[in-house]
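Working notes, structure below.
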Amino acid sequence: MTIEIKAPTFPESIADGTVAAWHKQPGDAVARDEVLAEIETDKVVIEIVAPADGNLTEILKVEGDIVLSEEAIAVFTPGAETIAPKPKKGAASAAAASGRDSATVSPAARKVADERGVTLAQVDGTGKDGRVTKEDVVRAATEKAGPAAAATASAAPKATATRPNASTVAATSLANEERAERRVPMTRLRASIARRLVEAQHTAAMLTTFNEVDMQPVMTLRTKHRDEFEKRHNGTRLGFMSFFVRASVEALKRFPAVNASIDGTEIVYHGFYDIGVAVGTDRGLVVPVVRDADALGLAQIEEQIRGFGTKARDGKLTIEDMSGGTFTISNGGVFGSLLSTPILNAPQTAVLGMHKIQERAMVVDGQIVVRPMMYLALSYDHRLIDGQEAVRFLITIKELLEDPARILLDL
């Protein structure tokens, strides 16, 4: 008895997905909950796991194919016996023509080979058990183009009387390598990020106001209690982000418009504080959300942020992790950014940008002293938030961070 492996049920905000990768091939024996494939949506990469112990019998949707909600993508046979692989329609003839068994060539590699005219029988596979991957085919295509280009170039010097010396040939070869180009399609996540950022700039009257904060009080407090905090909270480290989340929540309470959103001709004032924390990954920028941040302590906030970071690196973030959010914090300082203008995360009306902590000469009580300073940036939608309100909001965050006790005392 066989069963269909289907794409997950996508939420209303996601119309479809793309098969990003197959981790198993027809005939492979798999264990229950083992990852079979990955489907990339506009927001996250979703893993498709085996429903039971058995074999992957047939792949219906290859890498790069578009799939709809609950659409069948493969056929699965429960049980421990090894099932002979059933190739996708047209795959057997393509494999025979290439001189390779279809099970030793990934669908993506076969597709690239057809597009670039590469003979699969001549490609060395570097995948598991000698399997030919897409990267193997791209490398083979590049090597194939190399000799042809060299042959064309070598025909020209015959008309000249002087033979180029070795240094000239080496320089020409280096120049050709430096001018190499590589074209790859955008991932759905990258394309979605690009579309949303452009939409934010086209639909919002976006402005940015700046200020700076003396991080010495927070750094002193953190250094003093860091070890005890970590022991008390089961290894959770005390970072800077939890202070910024708490300071943002307190400021949002005082300036409700910054925690609001625009829906058509209506303003939606949110009575909760779901803070998005931007996380950079290899696939692009994602923004998981800390729910009800006003009800969380510093340790709980740090624990959630650390968990999001791990899930983001492993590609485990879910759609629920990144849905919603009333305000966003982006920390470009971890990459060394000294100053930037963050872009709104629509439909939110504001985003706070953190930056690198850098020691600078400051005047304190009439004396020049060295202080660890950070520039803060607040980008906001001027359709809803006035300039004076944005400035006062940012000053509130500055005051709370320069005197952290105000956060606990609600001052």
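Every number in this text was worked out from the coordinates using simple rules, so none of it is lab data. In this text the structure is predicted, and so the values were computed from the model without any measurement. Note: ideal-geometry Cβ built from the backbone for every residue, glycine included; neighbour counts use all protein chains shown.
When the chain is fully extended, how far beyond the present Cα-Cα distance does Leu221 get from Ala52, taking 0.36 nm per residue of separation?
55.7 nm
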note = Which residues qualify? For Ile73, with a placed amide H closer than 5 Å and at least 5 residues away or on another chain, they are Ile5, Lys6, Ala7
query = What FRET efficiency would be calculated for the residue pair Leu338, Thr9, taking the C-beta separation as r and a Förster radius of 51 Å, to the nearest 0.05?
reply = 0.70
message = Let me spell out the model: positive unit charges on the Cβ of Lys and Arg, negative unit charges on the Cβ of Asp and Glu, origin at the Cα centre of segment 302-411. What dipole size does that give, in debye rounded to 20?
response = 360 debye
request  = Give a quick list of GluC sites (Glu not before Pro) in segment 34-69 that DSSP marks as loop, anything other than H, G, I, E or B, with at most 16 other Cβ atoms within 10 Å.
outcome  = Glu34
remark   = The answer for Val30, listing residues at least 5 apart or on another chain whose modeled amide H is closer than 5 Å to its amide H, is Gly54, Asn55, Leu56
ask   = Roughly how many nanometres apart are two label points built 7 Å out from the Cα toward the Cβ at Glu143 and Met1?
value = 4.9 nm
request  = Taking the Cα centre of segment 233-297 as origin, sum charge times position over the Cβ atoms of Lys and Arg (+1) and Asp and Glu (-1), and report the length of that vector in debye to the nearest 20.
outcome  = 280 debye
key: Simple label model, 7 Å out from Cα along Cβ direction - Ala346 to Gln388, nm   = 3.0 nm
query = Which far-off residues, 5 or more places away or on another chain, put their amide H under 5 Å from the one on Met206, with H placed in the peptide plane?
reply = His382
request  = Starting from the Cα-Cα distance between Ala180 and Asp294, subtract it from 0.36 nm times their residue separation and give me the gain in nm to one decimal.
outcome  = 35.9 nm
